[in-house]
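First the structure, in the form of structure tokens, and then the observations on it.
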Amino acid sequence: QIHQYSSEDLKMQRYESELNWVSQINDALENDKFCLYYQHYYPLSKVVDGHHYEILLRMLDSEQNIVPPAAFLPAAERYGLTSQIDIWVIRNTFKWLSEHPEHLQQLCWCNINLSGHSLADNDLRRHVLTAFEEFHIPYNKICFEITESMAIVKMDETLRFINTFKKLGCVFALDDFGSGFSSYSNLKNLPVNCVKIDGSFVKDLLVDPVDM
């Protein structure tokens, strides 16, 4: 097959862009150029004691600018790098918690997102178990979030992962519910503790009667 290169070829542009992201992701993994943010959860009906938040991932580019995950995660998924990223997030979150024992004591739940591709990685469970033991993080303070669409596609692997860590005390949330298959029968089969409704359904709740 002969393919004539053109800089205006959209497929080639996407391919070159993804290769560039792969290079930056590998550099970030090797040189700790990822950074973690957190976003608190607050109930509207009561005041609660302690911390409950979700960990959010960002990346630093060569000029130290913050890169949002939507820019680089698609390339990470396509080229099989999500497991390494998830392990980085877990280890660095656990490390920070272990270095701040007073904060850890006040922590109710810390939510960490897992890629569906990672759940199919046989080494992921071993790495996560090792991180819990190494940093002495109580299992019941960690909530793993999995997206609905990937959970359904990787149902067997998802169930194995959930069952392993639920027995130890971890909590699970099903993320982006409604954006994928939205199957209530599948929802019954996934032993999750929380269902996070996709933002497209709730962001206009106050002004759109259909969303309400």
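The values are calculated or read from the model by the stated rules, or taken from the named source; none is laboratory data. Everything numeric in this text was worked out from a predicted model, so none of it was measured. So basically every Cβ, Gly included, is an ideal-geometry build from the backbone, and we count neighbours across all protein chains shown. Just the protein is used for accessible areas: all its heavy atoms, side chains included, with ligands, DNA and RNA removed. Shrake-Rupley method; radii C 1.70, N 1.55, O 1.52, S 1.80 Å.
Details
- The accessible area of Met212, taken with all protein chains in place and a 1.4 Å probe, comes to roughly 150 Å².
- Among Pro69, Pro43, Pro191, the largest mean-square fluctuation in a Gaussian network model of the chain, built with springs joining Cα atoms closer than 10 Å, belongs to Pro43.
- Computed [θ] at 222 nm, deg cm²/dmol, the chain (DSSP H ≥ 4; -39,500 (n - 2.57); rounded to nearest 500): -14500 deg cm²/dmol
- The residue among Leu114, Trp88, Met155 whose Cα reaches farthest toward the positive pole of the charge dipole of the chain, with charges on the beta-carbon of Lys, Arg, Asp and Glu, is Met155.
- Surface accessible to a 1.4 Å probe, Ile55 within the full protein complex, Å²: 20
- Under Stokes-Einstein, with the Kirkwood radius over Cα pairs as Rh, the value for segment 112-153 at 20 °C and 1.002 mPa s is 190 µm²/s.
- In Å², nearest 10: area of Trp96 left accessible to a 1.4 Å probe: 110
- Reported to the nearest whole Å, the Cα centre-to-centre distance from segment 41-99 to segment 100-175 is 13.
- Viscosity 1.306 mPa s, 10 °C: Kirkwood-radius Stokes-Einstein D of segment 86-212 over Cα pairs, µm²/s: 102
- Carbon and sulfur %, accessible surface of the chain computed with the full protein complex present, 1.4 Å: 52
- In a DSSP loop and with at most 16 other Cβ atoms within 10 Å, the GluC sites (Glu not before Pro) in segment 1-71 are Glu8, Glu63.
- Dipole magnitude for the chain: computed about the Cα centre from +1 point charges on Lys and Arg Cβ and -1 point charges on Asp and Glu Cβ, it is near 740 debye.
- Simple point charges give the picture: +1 on the Cβ of Lys and Arg, -1 on the Cβ of Asp and Glu, and for segment 1-118 a dipole about the Cα centre of about 300 debye.
- For segment 10-138: relative contact order, % (alpha-carbon pairs under 8 angstrom, 6 or more apart): 25
- Within the chain, the selection of entire DSSP H helices by a Cα span of 15 Å or greater along the long axis and an average Kyte-Doolittle value of at least -0.5 returns 82-99, 155-168.
- Largest GNM mean-square fluctuation across Leu36, Leu44, Leu104, computed for the chain with C-alpha springs under 10 Å, falls on Leu44.
- The rule of thumb for compact globular proteins, 2.2 N^0.38 Å, goes into the C-alpha radius of gyration of segment 1-87 1.50 times.
- Kirkwood radius, segment 113-181, all distinct C-alpha pairs, inverse of mean reciprocal distance: 12.3 Å.
- Beta bridges by DSSP in the chain, antiparallel share as percent, to the nearest 5: 35
- Using R0 = 25 Å, the C-beta based FRET efficiency linking Glu18 and Ser149 works out to 0.75.
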